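The values are calculated or read from the model by the stated rules, or taken from the named source; none is laboratory data. Just so it is clear, the structure is predicted and the values come from calculations on it, not from any experiment. Every residue, glycine as well, gets a Cβ built from its backbone with ideal geometry; the counts of neighbours run over all protein chains shown. Each accessible area value is taken on the protein alone, full model and side chains, heavy atoms only, with ligands, DNA and RNA left out. Shrake-Rupley method; radii C 1.70, N 1.55, O 1.52, S 1.80 Å.
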Amino acid sequence: AETGSQAWEPKNYDGTFDGPMSMRRALTKSKNLVSIRIIQAIGPQYAQDYVTRFGFERKLIPAYLTMALGAGSVTVMQMAAGYA
């Protein structure tokens, strides 16, 4: 995948692949590939549109696969409001 001008390859933090697992387990174990595949499945544009439902500004959250890993710019207050 490409983000900006640099080639980017998604991988898990620990560099391992543990096979299929539930989304819940993957998120608790920080398995980034699952998050990336979810964004791939629904499309980065849809994901970007969806986060606006939680009060985040579309222009501050890039419509790239890296948004699954937290790319974007939000304040602590916006994050707290999003969870609320």
Kindly state, to the nearest 0.05, the FRET efficiency for Glu57 paired with Ser30, given R0 = 22 Å and r defined as their beta-carbon distance. 0.25
Which value, in Å³ per residue, describes the convex hull spanned by the Cα atoms of the chain? 114 Å³
Could you state the accessible area per residue of region 17-66 in Å², with a 1.4 Å probe and every protein chain left in place? 69 Å²
Which residues make up the longest stretch of the chain clear of chymotrypsin sites (Phe, Trp or Tyr not before Pro) that lie in a DSSP loop with no more than 11 other Cβ atoms within 10 Å, not counting the sites? 18-84
Once the Cα atoms of helix 32-42 and of the chain are each reduced to a long axis, what angle between those two axes, in degrees from 0 to 90 to the nearest 10, is obtained? 60 degrees
